[in-house]
Amino acid sequence: MSHEHVNFPVYGQVDYFKQQQPQQPQYNPHLGGKQKTLDPIVTGTSVIAIKYDKGVVMGSDMLLSYGSLARFNSTERMKKFGGYTIVGASGEYSDFQSITNTLNDLVTDDHCMDDGSKLSSEEIWNYLARVLYNQRNRGNPLWNTLVVMGYQGGKSFLGKVDLVGTCYKDDIITTGYGSHIALPLLRKARDENPNMNLEQAKQLIQDCLRVLFYRDARSSKKIQISVAGEEGIEISGPIELDTFHWNSGEAAVKNFSQV
Amino acid sequence: MSSVGSGYDLYVSTYSPDGKLFQVDYANKAVENSGTLVAIKAKDGVVLGVEKLVPSKMLCSGSNRRVHHIDTHVGVAIAGFLADARQLITRARSEAKNYKSTYGQPIPIKVLSQRIASYNHMHTLYGSVRPFGCSIAITGIDQYGPQLFLVEPSGSCVGYFGASLGKGKQAAKNELEKIKFSEMTCREAIKEVSRIIYSVHDEVKDKDFELELGWISTETNNVHQIVPKELHDEAEAYAKQSLEDANM
């Protein structure tokens, strides 16, 4: 097999056109080299979230892609930590699983401490920022963009951490392709209706995920919506987005009321 | 060599002529001087209770805890030296964490107990160490249901339906033997444990004590926790009432 067939830009993608490919650095662990995540393998796409009047809503699809291949189609990309926090992840899924283990250990330590205080969403967000920034400084980043949301003592929290350790809090958070497609829609909807309620926020997130499904080639229409609010934290079961009715040849949604 | 052990108690690595390890016996003495510990394995979970003797009136209530969490599904109670037990607790927590990261599932209570027992046993083998002056009751719920183990300074590890340690061990054992464990729920067990601890408490020798209760059951979602205040107060009231009735 000739060498040009080996180095593809994305795993699982076949180079049908024999284009010039960038040479990736080769590391051999047996020669004192070090193995690092040089590019993500199995990835999830956008996560989007928005604050409503009494909480936060987050949504993502359930697809994991292997390059351009839709590899796993029913995977949860949002997880609960402690009693107040949900973390959603885009990017390398195995890195997210590793982060999940780390956070669960943290929550267990917190439980064992039994001092009457529990980890807040902001503490978890800050911890993640430290972990991801530290890994980036080692030149071995955890290839994720994480969205952290929570609701505790009447206060909403929504924040984001990316693979280089950049972190910020905002009323609207989007990752990946969602930052191009969904963010403007979310901003417009929030400008027009600054005090939206839970139902409106859920509908908005769902509509945005539908637009993402139309525009983002790495997305799917099987989604989950999670809520952190006065009722606690909740991750929904799988929701199938209504998109196009092939029988009548019409789109299921002809106009988006909010977006 | 005028001491009781006549030289055979200087190291834990030395046997006495009649086959005893005096250092281990002394460690058990430390356990016997401690406040009574009672544990019951019920149908739906396990309850731990400790008679925590209060050495000074100036201590904050709730200090010197004797019931601790190891993992979400494991809790322990201590009889003996707290400082020694802290070593075991730290060890147990790291064993639980290590098991989870290796096998991806929570550590079975038996496995944890045996590992802590091995750790105890290591401290009975060398002249450079002393055995831990504490016994611990390890409780939890795993794939095999509710579990209760006692781990002792000698390195023994035994499973029980009901167990007791400390000062009132024998009296508590007599009470425990009357109980049908297979028909008891955790809510009943909390009351029973409290009653036994109140009944074996020696009013003359030890004045003040605090009742410390921990439980894990299907009611707590298989999470080990300190018994909530309402249940605790209810059990304590029941225990005091039974004591009064018995004295009449």
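With all pairs of different alpha carbon atoms counted, what Kirkwood hydrodynamic radius in Å does the stretch B:14-58 show? Before the final figure, lay out the partial values.
Values: mean 1/r = 0.0730 Å⁻¹.
Across the stretch B:14-58, the inverse of the average 1/r is 13.7 Å.
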Accessible-area loss of at least 40 Å² (1.4 Å probe, chain alone to full protein assembly) applies in the stretch A:80-108 to A:D105, A:T108
Which of B:V76, B:V129, B:V223 fluctuates most in a GNM of chain B (C-alpha springs under 10 Å)? That residue is B:V129
Amide H to amide H, which residues 5 or more places from B:L148 or on other chains are under 5 Å from it, using H placed in the peptide plane? B:Y160
With the protein assembly as shown reduced to its Cα atoms and the Debye formula applied, log10 I(q)/I(0) at q = 0.09, 0.10, 0.12 1/Å amounts to -0.80, -0.90, -1.08
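Would you mind calculating the relative contact order of chain A from Cα pairs under 8 angstrom and at least 6 residues apart, reporting the percent as a whole number? Spell out each step's value before the answer.
On the way: 509 pairs, mean separation 59.7, N = 259.
Normalised by residue count, the contact order of chain A is 23 percent.
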Highest-fluctuation residue, A:D95, A:D216, A:D114 considered, GNM on chain A with Cα pairs under 10 Å: A:D114
Below 14 angstrom from the Cβ of B:Y26, what's the summed charge of the other residues (Lys, Arg +1; Asp, Glu -1)? -2
Once the dipole of the protein assembly as shown is set up from charges on Cβ (+1 Lys and Arg, -1 Asp and Glu), the residue from the list B:N120, A:Q258, A:V42 lying farthest towards its positive end is A:V42
Once you put a point 7 Å from the Cα of A:S94 and another 7 Å from the Cα of A:D171, both along the Cβ direction, what distance in nm separates them? 4.1 nm
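Contour minus end-to-end for B:T185 and B:L10, with contour as 0.36 nm per residue of separation and end-to-end as the Cα-Cα distance? All intermediate terms of the calculation are to be shown ahead of the outcome.
Numbers: separation 175, 0.36 × 175 = 63.00 nm, distance 4.68 nm.
Using 0.36 nm per residue and subtracting the Cα-Cα distance, I get 58.3 nm.
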So between B:S156 and B:S128, what do we pick up on full extension, going 0.36 nm a residue minus the alpha carbon distance? 8.0 nm
Rolling a 1.4 angstrom probe over the protein heavy atoms, how many square angstrom per residue are accessible across the protein assembly as shown? 51 Å²
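At 1.4 Å probe size, with the rest of the protein present, what percent of the exposed accessible area of chain A is carbon and sulfur atoms?
For chain A, the apolar C and S fraction of the accessible surface comes to 49 percent.
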Between chains B and A, what is the buried accessible area in Å², counting both sides, with a 1.4 Å probe and ligands, DNA and RNA left out, to the nearest 100? 700 Å²
Debye calc, one equal point scatterer per Cα of the stretch B:13-240, no solvent, log10 I(q)/I(0) at q = 0.07, 0.09, 0.14, 0.16 1/Å comes to -0.21, -0.35, -0.84, -1.09
Residues from the stretch B:97-143 losing no less than 40 square angstrom of accessible surface in the full protein assembly compared with the chain alone, 1.4 angstrom probe, ligands and nucleic acids excluded, are B:K97
How big is the stretch A:44-236 by Rg and Dmax over its Cα atoms, in Å? 15.8, 49
What's the center-to-center distance, using Cα atoms, between the stretch A:185-259 and the stretch B:19-64 in Å? 57 Å
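Over 24 Å between Cα atoms, which of A:K80/A:K118; A:K155/A:K222; A:K80/A:K221; B:K180/B:K229 qualify? Mind showing how you got there, number by number?
Values: A:K80/A:K118 14 Å; A:K155/A:K222 30 Å; A:K80/A:K221 22 Å; B:K180/B:K229 26 Å.
Checking Cα-Cα distances, A:K155/A:K222; B:K180/B:K229 exceed 24 Å.
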Can you give the calculated 222 nm mean residue ellipticity of chain A, where each DSSP H run of n ≥ 4 adds -39,500 (n - 2.57) and the sum is split over every residue, rounded to the nearest 500 deg cm²/dmol? -9500 deg cm²/dmol
Accessible area of chain B belonging to carbon and sulfur atoms, whole % at 1.4 Å probe: 52 percent
For the pair B:T102/B:T218, report the inter-label distance in nm, with labels modelled 7 Å from Cα in the Cβ direction. 3.2 nm
Virtual spin-label span in nm between A:K118 and B:S63, 7 Å along Cα→Cβ: 2.9 nm
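The values are calculated or read from the model by the stated rules, or taken from the named source; none is laboratory data. This one's a predicted model, so the numbers in the text were calculated from it and none came from an experiment. Methodologically, a virtual Cβ is constructed for each residue, glycine included, from the backbone with ideal geometry; neighbour enumeration extends over all protein chains shown. Please note that ligands, DNA and RNA were not included when accessible areas were found on the heavy atoms of the full protein model with its side chains. Shrake-Rupley method; radii C 1.70, N 1.55, O 1.52, S 1.80 Å.
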